[in-house]
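The values are calculated or read from the model by the stated rules, or taken from the named source; none is laboratory data. For clarity, every value in this text was computed on a predicted model and none was experimentally measured. So basically every Cβ, Gly included, is an ideal-geometry build from the backbone, and we count neighbours across all protein chains shown.
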Amino acid sequence: MSRVLSAALLAAVVAGCSGRQRPVALPPLAAEGEVILYLQPFPQDAGRLVFRVEGVAAESAGKAQGTLELRLPEVAAHALRGQRMLARGRLPEGTYDGFSIRVTEASLAGEGGTSALLVPPGPVRVPLHLPVRAGEATVVRLTLREGAIEQGFRFSPAFAAAVPAPVGASAADYCTSPARHEVDVVERGTYDVTAVLATGSTPRGIAVDAIAGRAYVALSGEDQVEMIDLATPASRRRIRLLPGDEPSELALTPDRTQLLVLDRHSRTLSFVSTLSLREVARLAVGDDPWWLAVDAEGTRAYVLNRRSSTLVAVDLANRALAGSVGTDREPIRAALSPDGTRLWVIHAGSAYLSVFSLPDLALQKRVFVGLGMTAIAIDPRTSFVHVARDDERRVTVFDPFSALPLDGFPVPGPVSSMAVDTLENALLVAMPGQSALSVVDLTSRRLRATADVGEATWQVVAAGER
């Protein structure tokens, strides 16, 4: 089965589970470019507005040249607490002069009920000088101008369009979308998507070197790792692995000189020099390696093998196996305790959360959580352990010492990946079925924001976090 077909099947499975209609899976960008339109929160005078959008098109020389895929057909101001994706689409390379948006109906909520508003008879033009380059994606922000509601009965939508300024590598969070072949860049603090980085086929694991301003992305569909210069995203290099490797997870050593690549299909761990961007060694680690992490000292890496149900320790200095232990069925994710003395492991084939002591790999305890665990993350300041399951829209918080559940909080959908952003005191929660990334305050455990991102989100990372 081809890698592109595998990506298409992945998107179909996610669509079936979520119950939402998904676009047809597309190959990576090549001769075309892509434009993603985001609506910004409305001004105060439009806080009670609701309107429907029939279509969005890109324009060149005053004529519609490409219809975009509509992602938000009904826009409600009260639900627009943050940025929302309105439409996206692929366009031929060239220079465009804006967009046209067709609004079919609008209404305004009031104390006496909802009243209909008159809408423009034709498309609304949104001017913007926009170069579209082959193989690149561009984010465009749309801001509704004040005074859009005229005389209390007419809706005159006037939008300002702009391409957001790039943010520094350390000022963003990043998530991969294998189905859309992209990495979404979410600005810390505002939680707006400021850029979408088009990649090669089926990006899964990602590692960000915030100091060097680089992102390394595992291209499972091409047996390569793509290195992206985050200051100049068009500047890229490819690290070639062996045919059939299927790289899936990545980790940087603390000194940033080595990139570790977990090759799922060839059952190996590749050692890549970040100076030469070449593979310098590889090590067989077990059957179906699924997850990878490096300790804070950079002395050991830990690998979970899903099919053989084993946890393997790797001596990084000697690039050799340092130990192995059996786990419950199908270990898929783990998290290192902040002091590096314990490893918390979740399993796809077991209802128990396992805790191993390090470096001896001794099983300390097993905690019943329930089947369907999908993601785990530990807050490095409090050591609280956060676990998500695919059959509930909730994250459970466990005490780091007793391993008993302490609390929990709801999230908008099932979770595929979580990461802690210590600078923002936030938990990043990737939800592939909702094509969204939620941000939860770690103190109040309340939802701060939700960002619309690409389909089938695989992994989320906070730059500079381990």
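For residues that are among the aliphatic types (A, V, I, L, M) and more than 9 Å from the chain's Cα centre (by Cα), scanning just the stretch 429-454, find the one that is farthest from Val183 (Cα to Cα).
Leu442
So, Leu130, is that one more than 30 Å from Leu219 (Cα to Cα) and buried (at least 17 other Cβ atoms within 10 Å of the Cβ) or not?
Against the criterion (more than 30 Å from Leu219 (Cα to Cα) and buried (at least 17 other Cβ atoms within 10 Å of the Cβ)), Leu130 does not qualify.
Counting only residues that are within 13 Å of Asp452 (Cα to Cα) and not polar (S, T, N, Q), which one in the stretch 162-179 is surrounded by the most Cβ atoms within 10 Å (Cβ to Cβ)?
Among residues in the stretch 162-179 that are within 13 Å of Asp452 (Cα to Cα) and not polar (S, T, N, Q), the one surrounded by the most Cβ atoms within 10 Å (Cβ to Cβ) is Cys175.
Can you confirm whether the stretch 264-278 contains a residue that is on the phi > 0 side of the Ramachandran plot, of a type outside the set (D, E, K, R) and assigned by TED's automatic domain parsing to the domain that holds Ile332?
Yes, that holds for at least one residue.
Considering the stretch 142-161 alone, what residues qualify as being crowded, with 20+ Cβ neighbours inside 10 Å and within 21 Å of Ala449 (Cα to Cα)?
Leu142, Leu144
Inside the stretch 273-300, can you point out the residues that are assigned to a strand (DSSP E or B), farther than 15 Å from Thr310 by Cα and within 24 Å of the chain's Cα centre (by Cα)?
Within the stretch 273-300, just Val294 meets the criteria.
Name every residue in the stretch 215-248 that is of a type outside the set (Asp, Glu), part of a loop (DSSP other than H, G, I, E, B), crowded, with 20+ Cβ neighbours inside 10 Å and more than 21 Å from the chain's Cα centre (by Cα), in order of residue number.
Leu241
Listed here are the residues, each with its yes/no results for (1) among the hydrophobic types (A, V, I, L, M, F, W, C); (2) more than 30 Å from Gly113 (Cα to Cα); (3) at pLDDT below 50.
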site: Arg3; (1), (2), (3): no, yes, yes
site: Pro28; (1), (2), (3): no, yes, no
site: Glu34; (1), (2), (3): no, yes, no
site: Pro41; (1), (2), (3): no, no, no
site: Ala46; (1), (2), (3): yes, no, no
site: Ala58; (1), (2), (3): yes, yes, no
site: Leu72; (1), (2), (3): yes, no, no
site: Ala77; (1), (2), (3): yes, no, no
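Tally up the residues in the stretch 384-398 that are outside any loop (DSSP other than H, G, I, E, B) and among the charged types (D, E, K, R), please.
Counting residues in the stretch 384-398 that are outside any loop (DSSP other than H, G, I, E, B) and among the charged types (D, E, K, R) gives 2.
Could you go through the stretch 427-434 and let me know if any residue there is assigned to a strand (DSSP E or B), under 17 Å from Trp344 (Cβ atoms) and assigned by TED's automatic domain parsing to the domain that holds Pro338.
Yes, the stretch 427-434 contains a residue that is assigned to a strand (DSSP E or B), under 17 Å from Trp344 (Cβ atoms) and assigned by TED's automatic domain parsing to the domain that holds Pro338.
Any residue in the stretch 367-388 that is among the small types (Gly, Ala, Ser) sitting within a Cβ distance under 6 Å of a residue that is surrounded by 21 or more Cβ atoms within 10 Å (Cβ to Cβ) and not in a strand (DSSP E or B)? List the pairs, counting only those 6 or more apart or interchain.
Short answer, once both residue conditions are applied: Ala375/Val415; Ala388/Val415.
From Ala320, Ala301, Ala296, grab the single residue that is modelled with pLDDT under 95 and small (Gly, Ala, Ser).
So the residue among Ala320, Ala301, Ala296 that is modelled with pLDDT under 95 and small (Gly, Ala, Ser) is Ala296.
Scan the stretch 444-456 and give yes if some residue there is assigned to a strand (DSSP E or B), out of contact with any Cys (no Cβ under 8 Å at 6 or more places or on another chain) and either of a type in the set (Val, Ile, Thr) or at positive phi (or both), otherwise no.
Within the stretch 444-456, one or more residues are assigned to a strand (DSSP E or B), out of contact with any Cys (no Cβ under 8 Å at 6 or more places or on another chain) and either of a type in the set (Val, Ile, Thr) or at positive phi (or both).
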